[in-house]
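The values are calculated or read from the model by the stated rules, or taken from the named source; none is laboratory data. Please read all numbers here as calculations on a predicted model, not as lab measurements. Please note: Cβ atoms are built from the backbone with ideal geometry, for glycine as well, and neighbour counts cover all protein chains shown.
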Amino acid sequence: MNGYELPRDLKMAEEEIISITLRSIWISGSAALIAFFIGVPLAYVLAIRRRVELISSIVESLVGIPTVVLGLLLYFLFSRSGPLGFLNLLYTPQAIIVGEAVLVIPLIMSTSFRILRNSLHIYGEFAVAMGATEVQKMILVFRESYLGLLASGIMGFSRAVGELGIALMIGGNIKDFTRVMTTAIALGVSKGEFESSLVLGSILVFIMIMTSIVLKIIGRGVRY
Amino acid sequence: MNMISLKNVWYKYSNSREWVLKNISTSFKTKEITVLLGPNGSGKTTLMKIGSLIYKPVKGSIYIDDKDYWSLDDHEKLIIRRTIVYVHEKPVILRGSVVDNIIYGLRLRGFDKREAVEKAFEVLKELEIEELAYRDASQLSAGQSQLISLARALILKPQIMFLDEPFSHLDKNRRTKLINILRRVKEEDRGVVISIHEEGLVEKISPDNLIEIENGEIINIKTSQKI
């Protein structure tokens, strides 16, 4: 064994690490996308209304909901005897996607709400002054705030890819099926396989850093 | 449309208890230049936004000729609103080039892009800023942004144009140029309402009406003979 070779357990797990990483990106990406297309329109509906402080405070407080609590609630919802048991979603990647989307919607909603509220104040009023219809006004507001909204979607992805509770409780950490980076790291540590856990941890941190860099770049172009 | 009449208008912002406008009754007409004069915070901008149909008064009515504007249906409101333009004190600049910014209102009204761009160049020529046409609008100076904002209103040829502190970022030459343009607008049987806080500008503009406002109340209305 020369000094440049990977440790044996890590070498064996190389393919699995790639597959887990891709699965994580796919699952969290889908969740963030779903959350984006639900959260942003809801944020717009909130932003065009007056006196929404109570609702926006509730949404903001949901941003920090512990993932294990949400995971537990969703477990009851998706379990065989639960109200959505007939969908047979428990321990599937789809269940994790739904769970992470639910987790991320408040985050995307609250950040988008602030962006759209500011944008409506400036561009919404401007559009009215120029004789825009409600639809034309909405188009302008979205056009002028798309970078900020995109940033909130990326933030949502970052939150989803790094969470553990939901993926573990309703995904079940099934090998080659629902195992994602965070659940694989937790399992690796419990089995004493630190090398593969460290590699996965590094990849996760790398994804987070890349997301943060993209957010910073987007942030430079954001105007309010 | 010939006249916008405000009848006993009261206004306060939703997050405030204080009335910004108190029992305002006045009118803005076509074929006239009206100046709103008052110190900062006197309610000029709010009055302009109510007159240009952006804000709905909390109490009172707005009549367009003899129609109560806020009781009309959305389609009728839109038709009337498109004959009036309000230009913000702080220029609102959209993403894209200067031309993209100027043609925004025309595009809203369904104008073909080529036709709109041709009209944009006519206005740019009038304001002597053709060289800015394809510059990134977000990179302009405050004065240039204000001119773009004015060009965007002029291109629409509105019946009544509300200009909120239009001279604030302009140098002496540009101010004179703008005053001449506004006089020409009046000669074309259209109306202009200008808000200012510098009393010295009144003489230069020589308006048909001067409305002095303080603490949300009209304290004096003068016509051209008295000015």
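One table, with the values for the structure above:
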read-out	value
Residue in segment B:149-170 that is assigned to a helix (DSSP H, G or I) and more than 26 Å from residue A:139 (Cα to Cα) present	no
Residues of segment B:78-103 satisfying the condition of being more than 22 Å from residue B:182 (Cβ to Cβ), β-branched (Val, Ile, Thr) and more than 10 Å from chain A (Cβ to nearest Cβ)	B:99
Scan of segment B:93-131 for residues that are in contact with a strand residue (DSSP E or B) (Cβ under 9 Å, 6 or more places away or on another chain) and aliphatic (A, V, I, L, M), ordered by number	B:98
Pick from segment B:195-213, criterion over 17 Å from residue B:6 (Cβ atoms) and outside any loop (DSSP other than H, G, I, E, B), ranking: modelled with the highest pLDDT	B:196
Test for residue B:47: is it under 17 Å from the mean Cα position of the chain (by Cα), within 23 Å of residue B:4 (Cβ to Cβ), modelled with pLDDT of 95 or more and not in a helix (DSSP H, G or I)	no
Test for residue A:133: is it within 14 Å of another protein chain (Cβ to nearest Cβ), out of contact with any His (no Cβ under 9 Å at 6 or more places or on another chain) and among the polar types (S, T, N, Q)	yes
Total residues in segment B:59-75, condition closer than 20 Å to residue B:27 by Cβ and in a helix (DSSP H, G or I)	3
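Here's the yes/no breakdown for (1) within 14 Å of chain B (Cβ to nearest Cβ); (2) surrounded by fewer than 22 Cβ atoms within 10 Å (Cβ to Cβ); (3) touching a His at 6+ places or on another chain (Cβ under 7 Å):
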{"site": "A:89", "(1), (2), (3)": "no, yes, no"}
{"site": "A:92", "(1), (2), (3)": "no, yes, no"}
{"site": "A:97", "(1), (2), (3)": "no, no, no"}
{"site": "A:100", "(1), (2), (3)": "no, no, no"}
{"site": "A:120", "(1), (2), (3)": "yes, yes, no"}
{"site": "A:139", "(1), (2), (3)": "yes, yes, no"}
{"site": "A:142", "(1), (2), (3)": "yes, yes, no"}
{"site": "A:146", "(1), (2), (3)": "yes, yes, no"}
